[in-house]
Ligand SMILES: [Fe+2]
């Protein structure tokens with residue numbers, strides 16, 4: 001179940017509040033400029049579906065979002081269970097960073113947690129299959145896929161060459177426990 005928790009940046013635990021209510025999550029995230037939607041997941045998509053098959057299954061909502069937001073390209077990021085390079089892939093986005101364009105991601109399967117920095121607070125959004133999260137360009141955040149990563153996500157890009165993480169150098173992410181070994 002998708003879960004949102006709001007933390008003090010200086011003293012992350014216990015969280016200030018937490019919810020799994022869809023409407024409440026949408027409302028909290030909208031206050032920090034983050035769009036959260038839930039799309040119907042396609043039944044019967046094979047576990048080994050390739051990128052073309054995944055994109056075909058979600059062609060309508062993907063096309064809608066591309067038109068609405070002007071995204072030029074999409075791709076499919078897939079981390080299978082037990083992936084050999086999981087630790088390295090996970091480490092890539094574990095520190096606070098920004099991008100010069102939106103980070104827009106739809107979870108086809110699996111899960112991952114985005115941590116959104118808003119001044120002296122951090123909003124942690126543990127996403128699951130069916131969740132679309134759109135973090136605006138320039139917003140401070142980090143992403144933890146947990147110690148046993150597993151997800152397939154459709155990613156949207158404004159610039160054809162994609163985006164690069166610009167790390168802030170702030171160590172705030174170190175004060176939060178790993179995604180699936182504690183709250184959130
Ligand atoms: Fe990012």
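For the reader, a short list of remarks on this structure follows.
- Residue 148 meets all of the listed conditions (1) touching a residue at least 60 places away in the same chain (Cβ under 8 Å); (2) in a loop (DSSP other than H, G, I, E, B); (3) within 16 Å of residue 168 (Cα to Cα) but one, namely (3).
- Residue match in region 82-94 (condition: surrounded by 15 or more Cβ atoms within 10 Å (Cβ to Cβ), touching a helix residue (DSSP H, G or I) at 6+ places or on another chain (Cβ under 9 Å) and closer than 18 Å to residue 132 by Cβ): no
- Enumeration of residues in region 141-154 that are more than 10 Å from the ligand (Cβ to nearest atom) and touching a strand residue (DSSP E or B) at 6+ places or on another chain (Cβ under 9 Å): 144, 145, 146, 149, 150, 151, 152, 153, 154
- Taking region 125-140 as the range and being within 14 Å of the ligand (Cβ to nearest atom) and either surrounded by fewer than 22 Cβ atoms within 10 Å (Cβ to Cβ) or on the phi > 0 side of the Ramachandran plot (or both) as the test, the residues that pass are 134, 136, 137, 138, 139, 140.
- Applying the set (1) out of contact with any helix residue (DSSP H, G or I) (no Cβ under 9 Å at 6 or more places or on another chain); (2) within 16 Å of the ligand (Cβ to nearest atom); (3) in a loop (DSSP other than H, G, I, E, B) to residue 107 leaves exactly one unmet item: (3).
- Evaluating residue 25 against the criteria (1) in contact with a helix residue (DSSP H, G or I) (Cβ under 8 Å, 6 or more places away or on another chain); (2) crowded, with 17+ Cβ neighbours inside 10 Å leaves one unmet condition, (1).
- Selected residue (criterion: nearest to the ligand (Cβ to nearest atom)) from residues of region 155-164 that are crowded, with 17+ Cβ neighbours inside 10 Å and farther than 17 Å from residue 127 by Cα: 157
- Of the set (1) over 14 Å from the mean Cα position of the chain (by Cα); (2) surrounded by fewer than 21 Cβ atoms within 10 Å (Cβ to Cβ), all apply to residue 176 but (2).
Readers should treat all values here as calculations from the given coordinates under stated rules, not as data from a laboratory. Keep in mind that this is a model prediction, so the values were computed, not measured. Note that each Cβ is placed from the backbone with ideal geometry, even for glycine, and that neighbours are counted across all protein chains shown.
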